[in-house]
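Notes to accompany the following structure.
A short reminder: the numbers here are calculations on the coordinates, not readings from a lab. Just so it is clear, the structure is predicted and the values come from calculations on it, not from any experiment.
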Amino acid sequence: MPTIKEMNTSANKITYSTTAVSVRVEGKYIVVTLEDGRIMSVPVYYFDELEHAPKKKRENVEIFYGGKGLRWPLLDIHLNVPRLLGVDED
């Protein structure tokens, strides 16, 4: 049986993306689909302004900055996708 180190060859290496391809607000969650197929959800209550915004304004969300950002134009709120994943991309 191969070890984890042996399994992590360049042929088997999994590449993760921090680029959003779709976003929606579903109830109490911001749901983001990433370029690599992963789906992440973040509670709206993490962001006070979003939590207290009217539903119509909260649901009006779009992707910008090449998939690296989320914005709510009616609320002037911007979030960084990599940082939501805990990745610091400089």
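The value of relative contact order for region 20-84, using C-alpha pairs under 8 Å at least six residues apart, is 25 percent. Take the Cα coordinates of region 20-84, assign each an equal point scatterer, and use the Debye formula without solvent to give log10 I(q)/I(0) at q = 0.14 Å⁻¹. The calculated log intensity ratios at q = 0.14 Å⁻¹ are -0.34.
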